[in-house]
Every structure is written in structure tokens, then in C-alpha cells.
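J.: Below is the structure I would like to discuss, written out as C-alpha cells.
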Protein chains: 2
Amino acid sequence: MASPRVHRESDSSIDRPSERREAVTPEPFPVDILRPVIGGIAPQVDGGKRPARAAVGDLLRVEADAFIDGHDLMSCAVRFRHDDDAGWSSVKMESLFNDRWRAHLPINRLGRYRFKVRASVDRYSTWRRDLRARTAAGQDVSEEYLVGAELLHEAARRAKAGDRRELVAMAEELRALALRVAKSGARADQGGNAAALFESIYSERVSDLMNTLTEASRTVNSETYFVSVDPAKARFSTWYELFPRSTGTGAHVHGTFADVESRLDYVESMGFDVLYLPPIHPIGRTGRKGLNGAVVAEPNDPGSPWAIGADDGGHTAIHPQLGTLDDFRHLVRSAHSRGIDVALDLAFQTSPDHPWVHEHPDWFHHLPGGSIRYAENPPKRYEDIYPLNFEGFEWRSLWFELLEVVRYWIAQGVSVFRVDNPHTKPFAFWEWLIASIKGERPDVIFLAEAFTRPRVMEQLAKIGFSQSYTYFTWRSTKWEIESYLRELTTSPVADYFRPNFWPNTPDILTDELQHGGRTAFLSRLVLAATLSANYGIYGPTFELQEHVARFSGSEEYLDSEKYEIRSWDLTNKQSLAKVIALVNQIRRDHPALQFNDTLTFHHVDNEQLIAYSKTRVGETGDDVIVVVVNLDHGYPQTGWLDLDAQALGLKADARYVMHDLLTDARFEWSGTHNFVKLDPHGVPCHIFALESPTTDGTN
Amino acid sequence: MASPRVHRESDSSIDRPSERREAVTPEPFPVDILRPVIGGIAPQVDGGKRPARAAVGDLLRVEADAFIDGHDLMSCAVRFRHDDDAGWSSVKMESLFNDRWRAHLPINRLGRYRFKVRASVDRYSTWRRDLRARTAAGQDVSEEYLVGAELLHEAARRAKAGDRRELVAMAEELRALALRVAKSGARADQGGNAAALFESIYSERVSDLMNTLTEASRTVNSETYFVSVDPAKARFSTWYELFPRSTGTGAHVHGTFADVESRLDYVESMGFDVLYLPPIHPIGRTGRKGLNGAVVAEPNDPGSPWAIGADDGGHTAIHPQLGTLDDFRHLVRSAHSRGIDVALDLAFQTSPDHPWVHEHPDWFHHLPGGSIRYAENPPKRYEDIYPLNFEGFEWRSLWFELLEVVRYWIAQGVSVFRVDNPHTKPFAFWEWLIASIKGERPDVIFLAEAFTRPRVMEQLAKIGFSQSYTYFTWRSTKWEIESYLRELTTSPVADYFRPNFWPNTPDILTDELQHGGRTAFLSRLVLAATLSANYGIYGPTFELQEHVARFSGSEEYLDSEKYEIRSWDLTNKQSLAKVIALVNQIRRDHPALQFNDTLTFHHVDNEQLIAYSKTRVGETGDDVIVVVVNLDHGYPQTGWLDLDAQALGLKADARYVMHDLLTDARFEWSGTHNFVKLDPHGVPCHIFALESPTTDGTN
């Protein structure tokens, strides 16, 4: 290694005297000899500096390493409370292996919980364990009875009256027994004369009681960690994106909110519960892009909805051709009545015609000559868009105005927002905006449209975004899907990051969808819908399998709705609407698919077949879903599937039924090694529900 | 999942009002819009609560995630200082991939360093990058010249006089150029009239200068992390353990320090630099164990050295048959003169005859009847040993006395200690003791003899132990060795845990050594010595291949030196002393083997062959060592080895010489795919030094 170039700083003003070394001869004694050590707590984000994320209805898994020196037993619990609780609750942790402990916290309210792990030296259980071993080895334990009596007496001093009486009585019985045993020359209570006493001593009830009475000097509490709770829909949601202007009743007729409302039956029939609309605001004229993104627009070209703002207004105005504010509110209410949330797009940028350009020139970037910089990624230029200057002189008034924009739409009934390119605005801005909104309305959901570097996407989740777009869109091979999903569904990323899987978006028509045919649409649909509890499609392009790119090598749609009004034939026989409806029905019927934390991949001896499961233990029985997808859009693929028996709660020799929820076919399987075959010309996927056998009843 | 049992705590006194929710409508504005985010800093231990570990001579690798919103460029540096430094130094970080940055800090002094990562928005480099892209695309950049001039002018205000003049001059030239270009109707400096100016603008020198002048509002410093620096021997050491009483000149003659001193030539000839002696103190009579650990000793049985303390004294006394304190000091000096440190055993327990038993009864555990508890692991009992009570009423005086014991031996010239069973004493005790000693003598080394659960071993390293015994002793298969070594040599464990590999100890004669023959000793030696920069053997049992266990299934040596005086024939022709000397010479000659951080495993298509490399870039050339070991002690094994070209700095079509340092054979290899064969009846290992070819000179 070549020596690094070291720069010695001339300015030592940053030197803080408080950080200088102090005398250490010898170190002061520790205040207390607290023996338990607690570490490796999950979930935690950035060492506890930010809250982990949960959703209403979660059983939040909390784990920690906890251990003590020596051979004593210990016990651990998670103490937790919601911000609105008057006191703490606690849940006992179970010991896993290698000093790892686990508990599940029931999360049932929006807002914020806090928790800490408590670990105690369990002297009573240690004494019982050793007593049992000594007695079994025939050792003289009369003095050990006295040790136990001391423990009980000592704990009794901290007990409530009733418990105290019981513990003292046990202690006295033990003392008497010790005397009798010593007098008789025996080594232990022989012949079981004190059977009732030992039944109490070895009972879980007394063990739990003794544990709650552990002296403070034998108990350690971890630092406090926070959990921010979003609504259940942040965890489990099914998105449908459409361009309102393309819902008109004829070709090139500008659609309205009323048209969108009449489209709700269709959206509901497919089982979606979020309807996401690209920006609904007036569109600028200056620099407007033409069809297929042409630099110069024809007079009748409608322009990109993301070029927000014109004489008619900006981010709180509605494009006049879509209708009125009342029309919008009507649409929102109508959607709500079907369980559908209307999601708006927060694209914090303007067209050159936005009112802010003249009212607040300081909110923009200026060139030395005084003109405003339009958006660019040199040498690329976006002449129809001005970025906002989040760091200019007037940043406070700009930030506040943007907060007001969000509040305005919340007041109209919107509680789900898709945020356009959040990674090009300061993290501090989003953290401030989302915290401000969540303080007022903890039920609001923000989806980050950030297809950027992994650390940046993670940071957006850490600072408050409820969901994020992902790289799923481009993950096609078995290895890509498995490794990416492992990253997303396990700690630390899963502690704060919620993926939302999109097979397509108005910006992304993947190579796979361009060339894979109907089977590619089907398999990408099933992968998205079953790998991730949150997913969405951009329709009707998706169900109608729109697959022609603007040019070879491009991911842009030809004749993209971003630049023109399209008209869609929803009655097309090739439409996937019915399959989508079925897949979404399966998602609603099966709680296993509404979470990501049990996702497990299973081995198939064919790289073109991917298999995975999700499970959910419920009050009325376990929900076990196994999905197998053929990743080859051209040819049938067969393989032997080895199920991970432990992940599914299967016995190695179990006989059971695999019920294919897509085709309603039932397969009788046994053991963990079974044959699968999937043909891209039929249905290229299985979504199996594992059922106990109905005939012979053995499992 | 069944609902967890939630216990609502009646005592809410623990509720701290300061943790209650505050109003958040809206959040206060952030103080500053600092755009860089820094995270994932390595090395760090427990989120920075404890220091990471380094040794004198290290180039400490520091890494961090650092990123900003948007597309601007940034720069990062590590700022660091030793406790004794007056100011900070800094080293530029290089950008890896996915927002990961790295630098190496030169560590050259004992004690403590601190460091923080600094990340800055690099507006100047961003402007240069964009200017280049705009110019190449033929865009009008005259206003961009003015933007650059503004940046230079603004930075000049913070610069020293000389730099200020240069920056202002560049700014003025840029302004003039902008005017000329605008006047001429051109879009950029065409024809290269300002070539000299642009050479300055694009120089690394100006970029570095502009970077140091970054405005404070564009710079973020991470929190401060600490690094504790041990002597180089903590990182690279070669241990030899022997029982002094077995160095006598005849059978059953009690050896002395003088005998040990005359054994130093032998130890030095094998290349060891730490000579570790089991406890050298008087041995108790009460409960003394007999030969092979018999519960009752014969009158002449010497007892276990770990049963410390008798009428002659305790932890600061010397067993009379070994000699005097002067003899011991003479031995220590004589060893030092050969570069060998004498390491003592800190076994903080006593025999029932230890003076402390009567002087300080409160330092022990008492049964209710008043007797002292001896050591046990119920139902097992160790009647010759009393454990100390580290938590009793008199814990402070006990702890201080134990500190005095360590100080006493340090005063006699000892600076390396092997600590017996540290995991059965409180972590708080070790942390206090080691910090106290290190405050006085930062060069002292503590080796933790803890063969316990992984989290406990890690904790001992975190709280200060310089080295630790490991599970290497029992890791035999390729998978076991590879996965364990990956854990030990990468972050986070490698940030604080230094392994010391022992093929055998007085307590552990592995099944592999019992039944694997001479080749098992050879391969375990080479594995220990080349996988880990710190390793040791318990001799002369090791070089004489002592391999008979007390009984089948036991890991205890038959006729163990723990309970009797043995006499060893060091002249035995089968002795491995010469091979050990060669292996240790190779370790001294090859810096690659003196560190663990570059350890890389290479693929061999045979589960019985394991291959790995270590590399070190030096001033005079790179040191590249490749080791291949046959793990099968019975049969020759062959295989194709695929070298990881990147780890070795090899070109895929390179021709080079593999020089086997054990046999002095040279093999001409080319590319990354080569054949290996190892025969357990010869030398079952290669230790290759990779050399450039000497004949045709192409590489």
C-alpha cells in the first residue's frame, strides 16, 4: 500500500478541549456491576437515531443479543408504549440460539411507539436448575435449600402483600425441610415428602413472579428505540395508475374527472385500492413538449402533466379540461366509498408559466444574466420545466408554501401521495415536510418515486417516506430477484424500507415487456403481486399489453400518454383485466401475501424456475402460499422443487394438497421434493395455497 | 402467530416526561440545509460507543457511505488525530461504488486516535463537469463562465493571500472571456485562446484548493469515532506455551526458571516471540488433584498450577521449586534480549490454601453454613479451586488487589498476559482493569482464553482484550474454515476482535490430532500460522506430536502436564521443530502473513483442498502469498485451483512463478486456472510466494 497523502490541518480551532485525554490511572470503579449486556437490537435505524417503521396490524418482531458472564440463567423482555399510553407494557422474549432473544409487539395504533429491551440475571431459575442437577447427582443439597429460602425471602421484600405471603411461606417450608434433611443425615428430600413445595418451586408462575421481583442491580435496560406507525395500507396496497385525460369517451377527447369516476367500476373490479393520477394541474405553454417528447409542440399538443403551472394556476389549481375542484372532490368521495384512495402526484417543479415564477422569482435558480435556469442534466435540457431552488435566500417561504400545497390536497380528501423524483430535493426538506404532515395526519402515505442509487433510496425511507419504488422493474433473473428480495425483506433494510413493485410505469417499458409477449406481462404481474405486499401497475397500458417502444433500445412508450391523449379499448379480448382481478382477489383472501417478512425462497433445480413462499399464522389456521414462476417467456420449463420444510411448518413425510389459486387445479404432494412444470403458452405461474389433505386426513 | 402475552406494568414511575410527545405542527425548520449525508462508517464498535482496534504499523481502512441529493459531485476526507496531537490531519477518501468512500489512516503510535468523516458538496467540480459536457454539446456557455467566476471569487474570500490572488485572477479571466465570447456571437471559447486558463481550471491542484475552501454550510462532519492502538505484537505474534516444571534435566525432576532459560535457545530457534507460562505460583494442597485429574492426589503429586495459593503465598508469589523472583526476572530479561516476551497467566481464582481465604473471606462466595463454595458447574465440582466473588460486599478491594497483581508482574518486566476464563468474571471488571493498565502502559497485551459463545467472546474483545482464542481449534472442513475466517477477518468483527489460532492447548487435544498422524499436525500448523497473524502452539507436546487422549472421546491429554511433571525428548527425530522454524521464518519474511485483512479464499474443485491468499503492497514490491492445504490426512488430493485474479493483482493471461517456500520448489503457472496436488505422506501444504517470471520477463 503506498503511503496515504496526509494533510496536516493548520486550523486547529476545531479542537475541542473536552475531547482531550484525561488521566486514567486507575479508572474510576464502575457505578454498578451490571452483568447483563444487551446489543444488536433490531429493528433499529442508524443506531436508533431514527424510528423504525411499522404498520397498524403488525406483530413487530424485536430481537436482541443479551448475555451475561458466567453460567447463570437470565430472562429478557421488551418494554414498550405508545406515545399516548400512560405507562409501559412488556412482552417476555424467548431465547433463540447464540444469545439471541425475540419477542413480537402488537402494533395497533398510528403514531409512535417506543421500546427498550430489559435483561435480568435470573438467580431463581439458576438456583432451581442447579438444585435439580445436584439432587439428581445425589449431592447433599440441604444448604442449597437454605440458599433458595434466602432468595425467596429477599424477593418477598419487594413483592405485593399476597405474593409476599406466598413467597415467605415457601421460604419457611424450605428452611424447615433443610433442617429435617440435615437432622436425618440424608442428602436431600427423599421419598418426595415435600412434593407440593417442589411443584410450586418448579412452576412457571413462581418463576415469572420471582423474575418480576429481580433486584434492580441485576437488571439492565437498553436504550430506547422508536417505531413510527403508518396505516395498514402503507404495508399492503394495490395501485393502479392512469392518465385522467385518456379516459375520455372518444379518440383525442380530453377526459374529465367525471370520466375517471365512471372508470372506478373497472378499477374496483380489478381489485385495486389506490388510484394514482399523474399531476392534475394546468400545464405550461412555454417550452411545451410535443408528441413523443418532441422539442417543439404543435398547437393542439396537450403537453406533459409534469410541466405544472399556467395562467390558470399552479400546484393547487386543476387543469380546466379535467373539471372543477368539486368534480375532483366528488371523484375522491366516490372512490373512497369503494375502498379506493385517490393518490396525487407531488411534482415540486414548475413550467415557465407557473404563477410562482413571477410572484416568487427567488424560489428559482438564476443565471448571472438574470434568466431562470430550466431543468437539465448537462448536456440534456428540459425546456418545459424549471426546478425550484430549495436552498435559495427564500427557502423558508418556499418550503412552507410546498407544505401548504400538501395540506390543501389533504383538505380535499387526499391522503396518499406519490412523490416525483424526491432524490433531487434536499433530504432535510422531505424530513421536515413529512414530519410536519405526519404530526397532523399520521395516516398519510408518501410513495417515493426514486429510481436512484441504493443508499439514496434507503435514506428517503429513513427520513419518512412510507413506500418506495424499487429496482424490481429491472430484476429479471432468478439470482437477481432472490438476492434483491433478500436485501429488501430482511434487517436492516426491512426495518424502515417498504418496497412497492411496479412492472411498468409511464417512464419505463422494460425490454422484457417489449419482447416477452403476454406471458411476460403475466409473470411480471404475479411476481410483483406476490413478492411484495405493495405493488402497482400503470394501466390500461399494462392490461392491454402495450409493448412498443419509441425506438429500439428505448424504455419510453411509443405515443406515450405523457405527451398525448390516448384512447383505450378496455373491452379488448386480450386484456389481462380478469387475471389481474383474480391475482388481487388472491392477495385479499390470503394474509400471507399482505406481509413481506416471511418471504422464503425454495430451491428448484432449474434456473428458469423461481419458487418462494409466504406464510401467516392466524387465529383460524395457517395461511401458506407457495409461488412458482417460469422466467422463460419462450419455452416450457420443468424442475424438481425442494421445499424448505421448516419455513412452511411441513413434516418431511407430510402429504398435502397444493391448490393452484390461478387455475383452481389441485395437486397431491408428499414430502419436500416435488415435480413442477410451467408452460409460457398457458399460465406461466402457480400460486399455490398449501392445504391439508381432504381425503386421508394425515398430515 | 398467536397473540403475544402482553403484561401491562402497574408501576409507571419509570415514565420520563422528557420522552413524551411534543407538538409537531409544523416541525421547526432545520437549522441548515446540509445536503451531504454520512453513514455506515467502518470501523466502529457498538455505534461508536467503544473504540475500534488498531495496532502500530497498520494502515487503518476507514470507509463510509456518503451522498447528497441530486446530481452534484462531492468530496470526502477522513480527519484524524492522536490524543497527543495538537491538531487534526486529514486524508482524502476515494470514491468506490454505490456511494461508498475509503481512505487509509497511517497508525504509528500507541494510545488513542479519533477520526471523523467530512463530506462536502463540490460545487466547483460539478461546475467543471457540467461545463465540459455543455461545451462538448456545442451549447452557449458564456453565462456558465460567469457562474464559474462567481464560484472562484466567492472561494477567494476564504483563501490565504497567495491563493486568493490566483483565484481572483482566474475569475477575472473567466469574466473577460465571457464578455469576449458573448460579443463575438460565439457560444464558447473557440480555437483554444484561453487554453492556459482552462488548464488551471481543470487541474487537480485548483480542484483540491477549491475543495478546502468549501463553505461551511456545504460541509458535514460525522460524529467522532475512536481507535485504540495496541503494539504491533498484538497484531502479529507467535506464541509457544510450555510448563516450566517440565523443563527439568531428568524424569520427574521439577524444572526451574533456570531450566526454562536454557530452553530459550530452542524456543528462539523455532522463531517464537512470546513464551507463555501457565501459573508460576505456589500450588494449594487442599483438594489437590492427582495424576490425570484424580480426585485424590498422592503425596508427591504436584497438583494443577491453576490451583493458585499456599502457605508460600498467592498471585504475586513464585512456586518455590521454580526459583526466586530474581530467577524469574533474569528469565524475562534473557528472553527479551532474544525478542521474546514472557507471558504470564492471569487465573483469578484460588486454591483453598490461598492467603486471601483467611485475609479476605469476603472476597469469596459463602454457603449459608459459612463454608466457602468451591468452583462448580453443577453437578461437576472442582474441589481444588475457589472462585472469587466479584460482586460481594468487598468487591472494590478485591478488584483493586487484582489490579495490583497485574501491576506487580508488569513491574517485573511482563507485558503480555494470557487471561484464564475471563468469561466467568464480570465484563465490567475486565473493562475497568484493562483500561486502568492501558492508561499507564498502553503497550500491554491481554489474550482472552475464552472458548465460549460467540457474543461473549466478541464482548471481551470490545471491552479491551487485545487478542482472543478462537474456535479454529475445532474448525476442520473447508466450509467451516472459510465461513469462520470470513466472519473473523471482515467488518464488524475484525474492527475489534483479533484472533489467535491454537491447534492445541493443555486442555484440548483435538480428535483430528489424536487420529490424523504427523500430517494432521503439519496441516494444522500451516493453517494456524498462515490464516491468522497471531497463532501459538502448546509444546513440546505439539512438535513431538503427543496424541494420546486420557480416554476415547476425551480431549484431555493422557498423563497431562496439568497434573504431573513430564520430561520431553526434544532430540526426537520425528520432532516438527525444524518445520515450525521454517514456517515461522516465512511469517517473518512475508509481511502479507502479518495481517489478516487481505485474506481471500480461492476456489478449488475439491472439498479436501483449501486455498487462500494474503497480500501486502510494500515500498519495494508486492508480497503475495498463496497457501494450499490438503485437509485429508489419509490420501493424496488433486484439484484445479481458480485464483481470484483481482485479489492477487494478476492479469488473466499472466505468466508467473509459484515459489513453494516449504520445499523451495518453483512452479511455472499461467493464468488463473492451475493444477495442484498434495500428498499427506509428503508435505501436505504449499506456501507459495508469487514471483514474477525470471526468464522471459513478461507478466
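The values are calculated or read from the model by the stated rules, or taken from the named source; none is laboratory data. Since the model is a prediction, treat every value here as computed from it, not as a measurement. Please note: Cβ atoms are built from the backbone with ideal geometry, for glycine as well, and neighbour counts cover all protein chains shown. Quick note on the areas: whole protein, heavy atoms, side chains included, nothing else; ligands and nucleic acids left out. Shrake-Rupley method; radii C 1.70, N 1.55, O 1.52, S 1.80 Å.
J.: Residues of A:77-86, mean number of Cβ from any other protein chain within 10 Å of their own Cβ, rounded to a whole number? Intermediate results must be reported in sequence, preceding the final value.
T.: Values: counts 2, 2, 3, 1, 6, 1, 4, 2, 3, 3.
Counting other chains' Cβ atoms within 10 Å and averaging over A:77-86 gives 3.
J.: Could I ask something else about it? Given only helices, namely DSSP H runs of n ≥ 4 each adding -39500 (n - 2.57), what is the per-residue ellipticity at 222 nm of chain A, to the nearest 500 deg cm²/dmol? Could the numbers behind the result be given before it?
T.: Values: 18 runs with 192 residues, N = 699.
When only DSSP H runs of four or more count, the value is -8000 deg cm²/dmol.
J.: May I ask which residue of A:His360, A:Leu631, A:His602 lies farthest towards the positive end of the charge dipole of the protein assembly as shown, with charges of +1 (Lys, Arg) and -1 (Asp, Glu) on Cβ and the Cα centre as origin?
T.: A:His360
J.: Two decimals is fine: what's Rg over Rh for chain B, C-alpha atoms, Kirkwood radius as Rh?
T.: On the way: Rg = 31.8 Å, Rh = 29.7 Å.
My calculation puts Rg/Rh at 1.07.
J.: What average number of partner chain Cβ atoms lie no more than 10 Å from the Cβ of the residues making up A:144-150? Please report the intermediate quantities before stating the final value.
T.: Values: counts 3, 1, 3, 3, 0, 1, 1.
The shielding value for this peptide is 2.
J.: Okay, next question. So, R0 is 51 Å and r is the distance between the beta-carbons of B:Lys380 and B:His252; what FRET efficiency does that work out to, to 0.05?
T.: Details: r = 30 Å, r/R0 = 0.58.
It comes to 0.95.
J.: Given a Förster distance of 60 angstrom, what is the FRET efficiency for B:Ala161 paired with B:Asp265, based on the Cβ-Cβ distance and rounded to 0.05? Could the numbers behind the result be given before it?
T.: Working: r = 66 Å, r/R0 = 1.10.
That gives a FRET efficiency of 0.35.
J.: Next up: Which cross-chain or sequence-distant (5 or more) residues have an amide H under 5 Å from the amide H of B:Asn572, H modelled 1.01 Å from N in plane?
T.: none
J.: Also, quick follow-up: Where nothing but the Cβ of Lys and Arg (+1) and of Asp and Glu (-1) is charged, how large is the charge dipole of the stretch B:340-393 around its Cα centre, in debye to the nearest 20?
T.: Working: 3 positive and 9 negative charges, 54 e Å.
Around 260 debye, computed over the stretch B:340-393.
J.: Then there's this: Counting pairs of Cα atoms in the protein assembly as shown, how many percent are more than 57 Å apart? Before the final figure, lay out each step's value.
T.: Details: 318654 of 976503 pairs.
Percent of Cα pairs beyond 57 Å in the protein assembly as shown: 33.
J.: Related question: What is the mean projected area of the alpha carbon convex hull for the stretch A:123-213, to one decimal in square nanometres?
T.: Details: hull surface 20.8 nm².
The directionally averaged projection comes out at 5.2 nm².
J.: Right, something else. Accessible area, 1.4 Å probe, largest first: how do A:Lys92, A:Lys438 sort? Display every interim value, and only then the final one.
T.: Working: A:Lys92 120, A:Lys438 40 Å².
Sorted descending by solvent-accessible area, the residues read A:Lys92, A:Lys438.
J.: Would you mind checking which residues have amide H under 5 Å from A:Phe67's amide H? H placed 1.01 Å from N; only 5 or more apart, or other chain.
T.: Sorted by chain and number, the residues that satisfy this are A:Val37.
J.: Right, here's the next one. Taking the Cα centre of the stretch B:123-213 as the origin, how large is its charge dipole in debye, to the nearest 20, when only Lys and Arg (+1) and Asp and Glu (-1) carry charge on their Cβ atoms?
T.: 120
J.: Let me ask something else. Within 10 Å of each Cβ in B:379-391, how many Cβ atoms from other chains are there, averaged over the peptide?
T.: On the way: counts 9, 2, 3, 0, 0, 0, 0, 0, 1, 0, 0, 4, 6.
The shielding value for this peptide is 2.
J.: Enumerate the calculated ³J(HN,Hα) couplings along the stretch A:339-345 in order (Karplus 6.51 cos²θ - 1.76 cosθ + 1.60, θ = phi - 60°), each rounded to whole Hz, writing x wherever the residue is Gly or Pro.
T.: So the Karplus estimates, Gly and Pro as x, are x, 9, 8, 7, 9, 9, 9 Hz.
J.: What distance in nm lies between label points placed 7 Å from Cα along the C-beta direction at A:His603 and A:His358?
T.: Modelled inter-label distance: 7.1 nm.
J.: Mean shadow of the stretch B:300-399, computed from the convex hull of its alpha carbons, in nm²? Don't skip to the end; give the middle numbers.
T.: On the way: hull surface 34.9 nm².
About 8.7 nm², averaged over all directions.
J.: As I understand it, the value is the acute angle between the Cα axis of helix B:478-489 and the longest principal axis of the Cα atoms of chain B; what does it come to in degrees, rounded to 10?
T.: Helix B:478-489 and the main axis of chain B meet at about 60 degrees.
J.: Using a label point 7 angstrom from Cα along Cα-to-C-beta, what distances in nm, from shortest up, separate A:Asp208 from the other copies?
T.: Ordered by increasing distance: 6.8 nm.
J.: While we're on this one: Treating only the Cβ atoms of Lys and Arg (+1) and Asp and Glu (-1) as charged, compute the dipole magnitude of the protein assembly as shown about its Cα centre; round to the nearest 20 debye. Before the final figure, lay out each step's value.
T.: Values: 154 positive and 196 negative charges, 287 e Å.
Here the protein assembly as shown has a charge dipole of around 1380 debye.
J.: Using every Cα-Cα pair within the stretch B:66-124, state what percent have a distance larger than 15 Å.
T.: Numbers: 924 of 1711 pairs.
Here the long-distance tail beyond 15 Å is 54 percent of all Cα pairs in the stretch B:66-124.
J.: With respect to the axis carrying B onto A, what is the closest chain B residue by Cβ position, and how many angstrom separate it from the axis?
T.: Taking the axis that maps B onto A, the answer comes out as B:Gly47, 2.
J.: Now a separate question. Where q = 0.10, 0.14, 0.20, 0.22 Å⁻¹, what log10 of I(q)/I(0) comes from the Debye formula for the stretch A:399-499, counting one point per Cα?
T.: Each listed q corresponds, in turn, to -0.30, -0.56, -0.99, -1.14.
J.: Hey, what angle do you get for helix B:123-136 against the long axis of chain B, alpha-carbon based, 0 to 90 degrees rounded to 10?
T.: 50
J.: I'd like the orientation of helix B:161-184 relative to chain B: the angle between its Cα long axis and the longest Cα principal axis, in ° from 0 to 90, rounded to 10.
T.: That helix lies at roughly 40 degrees to the long axis.
J.: Chain A: longest stretch without exposed chymotrypsin sites (Phe, Trp or Tyr not before Pro) (DSSP loop, at most 10 other Cβ within 10 Å), sites themselves excluded?
T.: Details: sites that count: A:Phe97, A:Phe393, A:Phe551.
Of all site-free stretches, the longest is A:98-392.
J.: Bin all alpha-carbon pair distances of the stretch A:159-269 at 10 Å intervals from 0 and give each bin's fraction as a whole percent.
T.: Histogram of Cα-Cα distances, whole percents per bin: 10, 20, 14, 10, 7, 8, 11, 9, 7, 3, 1.
J.: I would also like to ask the following. For the stretch A:78-124, which whole percent of the accessible surface, found with a 1.4 angstrom probe, sits on carbon and sulfur atoms? Each step should come with its number before you reach the end.
T.: Numbers: 790 of 1630 Å².
Carbon and sulfur together cover 48 percent of it.
J.: I'm checking a number: the convex hull volume of the Cα atoms of the stretch B:594-691, normalised per residue, in Å³. What is it? It would help to have the intermediate numbers written out before the result.
T.: Working: hull volume 9.7 nm³, N = 98.
About 99 Å³ per residue, rounded to a whole number.
J.: At B:Glu482, with labels set 7 Å past Cα in the Cβ direction, how many nm apart are the copies from this one, shortest first?
T.: For B:Glu482, the inter-copy label distances come out at 1.5 nm.
J.: Next question. Under a plain spin-label model, where a point goes 7 Å from the Cα along Cα-to-Cβ, how far apart in nm are B:Lys49 and A:Trp640?
T.: Inter-label distance under the simple model: 4.9 nm.
J.: Which one of A:Thr212, A:Ser184, A:Ala171 has its Cα pushed farthest toward the positive end of the charge dipole of the stretch A:123-213, where Lys and Arg give +1 and Asp and Glu give -1 at the Cβ?
T.: It is A:Thr212, whose Cα lies furthest towards the positive end.
J.: Using a 1.4 Å probe on protein heavy atoms only, how many Å² of accessible area do A and B hide from each other, summed over both chains and rounded to 100? The partial results should precede the final answer.
T.: Details: alone 33080 and 33130 Å², together 56700 Å².
For A against B, buried area totals roughly 9500 Å².
J.: Which distances, in nm and shortest first, link the A:Ser184 label point to the same label point in every other copy, taking 7 Å along Cα→Cβ?
T.: 11.4
J.: Additional query: Accessible area per residue, 1.4 Å probe, Å², for the protein assembly as shown: what's the number? Don't skip to the answer; put the middle values down first.
T.: Numbers: 56700 Å² over 1398 residues.
That works out to 41 Å² per residue.
J.: Per residue, what volume in Å³ does the convex hull of the Cα atoms of the stretch B:34-166 enclose? Let's see the in-between values first.
T.: Working: hull volume 20.9 nm³, N = 133.
Taking the convex hull of the Cα positions in the stretch B:34-166, it is 157 Å³ per residue.
J.: How large is Rg over Rh for the stretch B:204-250, taking Rg from the Cα atoms and Rh as the Kirkwood inverse mean of 1/r across Cα pairs? Intermediate results must be reported in sequence, preceding the final value.
T.: Values: Rg = 26.5 Å, Rh = 17.2 Å.
Expressed as Rg/Rh, it is 1.54.
J.: Ok, one more. How high is the FRET efficiency from A:His336 to B:Ser554, r the C-beta distance, R0 60 Å, rounded to 0.05? Present the calculation step by step, with values, prior to reporting the outcome.
T.: On the way: r = 74 Å, r/R0 = 1.24.
It comes out at approximately 0.20.
J.: Further question on the same structure: Could you pull out the pairs from B:Lys462/B:Lys614; A:Lys462/A:Lys614; A:Lys438/A:Lys562; B:Lys289/B:Lys573; A:Lys116/B:Lys462 whose alpha carbons sit more than 29 Å apart here?
T.: Values: B:Lys462/B:Lys614 25 Å; A:Lys462/A:Lys614 25 Å; A:Lys438/A:Lys562 31 Å; B:Lys289/B:Lys573 34 Å; A:Lys116/B:Lys462 22 Å.
Over 29 Å apart, Cα to Cα: A:Lys438/A:Lys562; B:Lys289/B:Lys573.
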